[in-house]
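Each remark here refers to the structure printed beneath this line.
The values are calculated or read from the model by the stated rules, or taken from the named source; none is laboratory data. Because the structure is a prediction, the values reported are computed rather than measured. Ideal geometry is used to build each Cβ from the backbone, glycine not excepted, and the neighbour counts take in all protein chains shown. Ligands, DNA and RNA are excluded from the accessible area calculation, which covers all protein heavy atoms including side chains. Shrake-Rupley method; radii C 1.70, N 1.55, O 1.52, S 1.80 Å.
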Amino acid sequence: MTATAGGPGSWSENILEYFLRNNHITTEDGAEIIWYHAANHKAQVNEALKSPAHMIEADVLLPSDGSEYSQPIMAHPPETNSDNTLQEWLTEVIKSNKGIKLDFKSLAAVEPSMMLLENVKRHLQRPVWINADILPGPNGNSRVVDAKPFIDTVTSFFPDVTFSLGWTTGWHPEKVNEGYSWTMVKEMEYICKDLNLPVTFPVRAALVRQSCSQLLWLLKKSNRYSLTIWTGKNDNYSIEDLLCIRDHFDKKQVFYDILEPQNHEFKQAIGVKRFNKTLAPSFFFPGELVISEITEE
C-alpha cells in the first residue's frame, strides 16, 4: 500500500515520529536525532551505516568530466570526483533503516538523481530529505540553486518528499557576522508557503543567535516548518548560543547537525543521554569529512 504524504513510511514523515515509532529515540525532541555528515566516499558510508546515527547526510553532484551520460556522484565541492556514485550509495543505504538527506549543489544533478531514487523508492519507506541552498544568505557567495525548477523537478517525481531549503552563507572570524535578515526569511516564506510539504531550513549555528526574531517568525508561519542547525568546521560559536536556541524554540522544531566536540558538550548540557560518548571519536565527523565546510554548508 502506498504511504500517504506525511504518513508512516512516507518520505515526508516527520523524522521524530519515524524514529520514535521505531523505538530509536525516547521522546519528540530534535536534539535526540544523531547525524552523520558528509557520508560521501565508500569508507564514510560504511562508517555511517555502522554508527548510531539516525540520519545520513551526503552531497550529490555531476562529475567534472562533463560527459552527457555522467552518473551523479557523491562529493562536496571543491571535490568534483568520487569513488562512489549515487546509485552505489543508495544500494548500501537502503539496507539500513536510517533516514537520508541528499544535498544538491547544482540543478543539473537533480533530475538524474530523482530517476535513480525512483528506482529504489519501494525500498525507502523512511524519511527522505532533499536539500539545496536556494537563496543568498549572510555573507553567502556560492551560487544558489534556482528554487522553482529545483522544487518543480523534485515534486514531479516525489510529491511526498521533505524539503530542506537553505541560504548560502559564509562566516568570517575577523568580522562582525550579521544574521539572517527579515528580507531573507520573508523571501523564503514566500517560496515555501504554498508547498504543502514539510520544510526544514538549514541555518548556520554561528548566525542563529542574532537571528532569533526572524527565525521564530518564520517557524510560526507554518507547523510544517523546522530548523536544522549546522556548523562550519572553523566557525566560532558557544554552547551558550546553542542553549539560547534551545530555550527560545520548540524542541520538536529544531534539529542539530553539529560538529564535535560541541555536539557532545551540548547534549551533555541538555541531558540527552542517548548520545554514546565512546562512539564519538570514530563515528562522529572525522576531520577529513568536513574540510570543505569552512565557508558553506
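Of the residues L215, L243, L219, L207, the single one that is without any contact (Cβ under 8 Å) to a residue 40 or more places away in the chain, aliphatic (A, V, I, L, M) and closer than 18 Å to E178 by Cβ is L215. Beta carbons closer than 9 Å, at least 6 apart along the sequence or on distinct chains, pair a first residue in region 135-150 that is under 15 Å from Y190 (Cα atoms) and in contact (Cβ under 8 Å) with a residue 24 or more places away in the chain with a second that is surrounded by 16 or more Cβ atoms within 10 Å (Cβ to Cβ) and of a type in the set (S, T, Y) for L135/T168; P136/S142; P136/T168; P136/T169.
Of the helices (runs of 4 or more DSSP H) that lie entirely inside region 217-297, those containing 1 or more residues that are modelled with pLDDT of 90 or more, open to solvent by 80 Å² or more (accessible area, probe 1.4 Å) and farther than 29 Å from M74 by Cβ span 239-248, 262-270.
If I filter region 128-144 for residues that are more than 20 Å from S10 (Cα to Cα) and among the basic types (K, R), do I get at least one hit? Checking region 128-144: at least one residue is more than 20 Å from S10 (Cα to Cα) and among the basic types (K, R). Taking (1) closer than 22 Å to A205 by Cα; (2) open to solvent by 30 Å² or more (accessible area, probe 1.4 Å); (3) touching a residue at least 60 places away in the same chain (Cβ under 8 Å) in turn, N97 satisfies each apart from (1). Figure legend. Inter-residue proximity from region 159-175: first residues among the acidic types (D, E), second residues open to solvent by 30 Å² or more (accessible area, probe 1.4 Å) and assigned to a loop (DSSP other than H, G, I, E, B), beta-carbon distance below 6 Å, spacing 6+ or different chains. Indicated pairs: D160/A5. Taking the criterion of being assigned to a loop (DSSP other than H, G, I, E, B) and of a type in the set (K, R), the only residue of region 133-155 that qualifies is R143. Residues of region 66-89 that are touching a residue at least 60 places away in the same chain (Cβ under 8 Å) and open to solvent by 40 Å² or more (accessible area, probe 1.4 Å): P77, P78, E79.
In the set E92, E118, only one residue is open to solvent by 10 Å² or more (accessible area, probe 1.4 Å) and touching a Phe, Trp or Tyr at 6+ places or on another chain (Cβ under 7 Å); that residue is E118.
Applying the condition of being part of a loop (DSSP other than H, G, I, E, B) and of a type in the set (S, T, Y) to region 1-52 and asking which residue is surrounded by the fewest Cβ atoms within 10 Å (Cβ to Cβ) yields T2.
The set of residues in region 176-204 being β-branched (V, I, T) and free of Cβ contacts under 8 Å to residues at least 60 places away in the same chain consists of V176, T183, V185, I191, V199, V203.
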